[in-house]
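Asker: To start, I am sharing the structure in question, which I have written as structure tokens.
The values are calculated or read from the model by the stated rules, or taken from the named source; none is laboratory data. Keep in mind the model is a prediction, meaning the values are calculated, not measured. Positions of Cβ are backbone-derived with ideal geometry, glycine not excepted, and every protein chain shown enters the neighbour counts. Keep in mind that these areas ignore ligands, DNA and RNA; they rest on the heavy atoms of the full protein, side chains included. Shrake-Rupley method; radii C 1.70, N 1.55, O 1.52, S 1.80 Å.
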Amino acid sequence: MTPQSARNERLAQTIIKNLQRRHIKAYYCPKAELAVEKISELIDDGSSVTWGGTMTVRDLGIPDALRSRESLTVIDRDLAKTPEEKQAAYLRAFSVDFYLTSANAISEDGVIVNIDGNGNRVAAITWGPKKVIFVIGMNKVAQNVEAALARARSTAAPINAARFDIMTPCQVDGVCHNCNSPESICNYIHFLRNSPKGRHIVVLVGEELGY
């Protein structure tokens, strides 16, 4: 075990205790392949499932793993051919058994922070799906809520603006300007500090994943 992996293990256990205090079930997987196995284990046969606009879930190959399970009803927004089909997939997400997403940041004491341009992702995190599973790389851990928000705004947002080729000020120079651009992807800022009825599950992964 390397010093970094040992630190990740210790830090993950601290975060898991803090998440449990917030009524959020949590697990730590040191390797990506173990995370895929854990997520598959959490999703029961016969369930309906979809995911948000998360690179972490896609990079791990989770959509392919879910599509291969014939017992699941998979709502795949990535197959939408028109804006109307994508909108329909967004709306169907509110009625699924499992909604998969990541986070822009998580504080050491277990607050999960996300920013969103359209709002569909944070809306589903807040209400609708029976269970929400977060898949979060340890690179997204921040010391406190303020640092988590700073990471979401100053690290995740400029990278995602570049990914979508959206011409926000942060795309130009990589710096958050707290802008009111019509193309802003920071329109909605979401803090999950407690899980009503235990809807939320976190899978921490001991690798750098997503932005």
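Asker: Specify the residue with the greatest mean-square fluctuation among Asn178, Asn104, Asn194, computed from a Gaussian network of the chain linking alpha-carbon atoms under 10 Å apart.
Answerer: Asn178
Asker: Using only alpha-carbon positions, what ratio does the radius of gyration of the stretch 154-211 give when scaled by 2.2 N^0.38 Å? Mind showing how you got there, number by number?
Answerer: On the way: Rg = 14.7 Å, N = 58, 2.2 N^0.38 = 10.3 Å.
Relative to the rule-of-thumb radius for its length, the stretch 154-211 sits at 1.42.
Asker: Which residue, Gln4, Ser47, Ala65, has the largest displacement toward the positive end of the dipole of the stretch 1-86 when charges sit on each Cβ (Lys, Arg +1; Asp, Glu -1)?
Answerer: Gln4
Asker: Right, something else. Restricting things to Cα coordinates, could you compute the convex hull volume per residue of the stretch 1-126 in Å³?
Answerer: Values: hull volume 14.9 nm³, N = 126.
Each residue corresponds to 118 Å³ of Cα convex hull volume.
Asker: Right, here's the next one. What is the distance, in nm, between label points placed 7 Å from the Cα along the Cα-to-Cβ direction at Ala162 and at Ser71?
Answerer: 4.3 nm
Asker: Show me the GluC sites (Glu not before Pro) within the stretch 49-134 that DSSP assigns to loop and that have at most 10 other Cβ atoms within 10 Å of their Cβ. Kindly include the intermediate steps, with their values, before the conclusion.
Answerer: Working: sites: Glu70, Glu84, Glu85, Glu108; in loops: Glu70, Glu108.
Sparse-neighbourhood loop GluC sites (Glu not before Pro): Glu70.
Asker: Taking loop as defined by DSSP and a crowding limit of 10 other beta carbons within 10 Å, which trypsin sites (Lys or Arg not before Pro) in the stretch 1-94 fit?
Answerer: Values: sites: Arg7, Arg10, Lys17, Arg21, Arg22, Lys25, Lys31, Lys38, Arg58, Arg67, Arg69, Arg77, Lys81, Lys86, Arg92; in loops: Arg22, Lys31, Arg69, Lys81.
Counting only loop positions with at most 10 other Cβ atoms within 10 Å, the trypsin sites (Lys or Arg not before Pro) in the stretch 1-94 are Lys81.
Asker: Quick one: work out Rg over Rh on the C-alpha atoms of the stretch 100-176, Rh as Kirkwood radius. Write out the running numbers ahead of the final one.
Answerer: Details: Rg = 12.9 Å, Rh = 13.1 Å.
Across the stretch 100-176, the Cα-based Rg/Rh ratio is 0.99.
Asker: Considering the chain as a Gaussian network with a 10 Å cut-off on Cα pairs, which listed residue, Thr73, Thr50, Thr101, attains the greatest mean-square fluctuation?
Answerer: Thr73
Asker: Report the residue, chosen from Ala93, Ala162, Ala26, that carries the largest GNM mean-square fluctuation when the chain is represented by alpha-carbon nodes joined by springs under 10 Å.
Answerer: Ala162
Asker: For Ala142, what residues show an amide H to amide H distance below 5 Å, using hydrogens built from the backbone and excluding near sequence neighbours?
Answerer: Ile106, Ser107, Glu108
Asker: Hey, another quick one. Can you give the helix-only mean residue ellipticity at 222 nm for the chain, where every DSSP H stretch with n ≥ 4 adds -39500 (n - 2.57) and the sum goes over all residues, rounded to the nearest 500 deg cm²/dmol?
Answerer: The helix contribution divided over the chain gives -10000 deg cm²/dmol.
Asker: Once you wrap a convex hull around the alpha carbon atoms of the chain, what is its projected area averaged over all directions, in nm²? If you can, show how the numbers build up before the last one.
Answerer: Working: hull surface 46.5 nm².
The number I arrive at for the chain is 11.6 nm².
Asker: Please give me, ordered by residue number, the trypsin sites (Lys or Arg not before Pro) of the stretch 157-201 that lie in loop per DSSP and have at most 13 other Cβ atoms within 10 Å. Don't jump to the answer; show the numbers that get you there.
Answerer: Values: sites: Arg163, Arg193, Lys197, Arg199; in loops: Arg193, Arg199.
Sparse-neighbourhood loop trypsin sites (Lys or Arg not before Pro): Arg193.
Asker: On to the next question. With all protein chains present and a 1.4 Å probe, how do Val145, Val132 order by accessible area, largest first? Mind dumping the intermediate values first?
Answerer: Details: Val145 45, Val132 0 Å².
The most accessible residue leads, giving Val145, Val132.
Asker: Follow-up. Explain nothing, just the number: dipole magnitude of the stretch 2-64 about its Cα centre with +1 on each Lys and Arg Cβ and -1 on each Asp and Glu Cβ, in debye rounded to the nearest 20. Present the calculation step by step, with values, prior to reporting the outcome.
Answerer: Details: 9 positive and 8 negative charges, 120 e Å.
Here the size comes out at about 580 debye.
Asker: Largest first and in whole Å, what are the equivalent-ellipsoid semi-axes of the stretch 1-58 based on the Cα gyration tensor, each being the root of 5 times an eigenvalue? Walk me through the numbers before you get to the answer.
Answerer: On the way: eigenvalues 113, 51, 25 Å².
Listed largest to smallest, the semi-axes of the stretch 1-58 are 24, 16, 11 Å.
Asker: Still on this structure: Probe radius 1.4 Å, ligands and nucleic acids ignored: give me the carbon and sulfur share of the accessible area of the stretch 1-93 as a rounded percent. Mind showing how you got there, number by number?
Answerer: On the way: 2700 of 5360 Å².
Carbon with sulfur: 50 percent of the solvent-accessible area.
Asker: Next question, about the same structure. Students sometimes get this wrong: rank Phe164, Phe134, Phe94, Phe191 by accessible area, probe 1.4 Å, all chains present, largest first. Write out the running numbers ahead of the final one.
Answerer: On the way: Phe164 115, Phe134 0, Phe94 55, Phe191 95 Å².
Result of the area sort, largest leading: Phe164, Phe191, Phe94, Phe134.
Asker: Okay, moving on. Do any of Lys140/Lys197; Lys81/Lys131; Lys81/Lys197; Lys86/Lys130; Lys86/Lys197 go past 32 Å between their Cα atoms, and which? All intermediate terms of the calculation are to be shown ahead of the outcome.
Answerer: Working: Lys140/Lys197 25 Å; Lys81/Lys131 27 Å; Lys81/Lys197 36 Å; Lys86/Lys130 21 Å; Lys86/Lys197 29 Å.
Exceeds cut-off: Lys81/Lys197.
Asker: Treating the beta-carbon of each Lys and Arg as +1 and of each Asp and Glu as -1, no other charges, what is the dipole magnitude of the chain about its Cα centre, to the nearest 20 debye? Intermediate values should be presented prior to the final figure.
Answerer: Working: 25 positive and 23 negative charges, 140 e Å.
Around 680 debye, computed over the chain.
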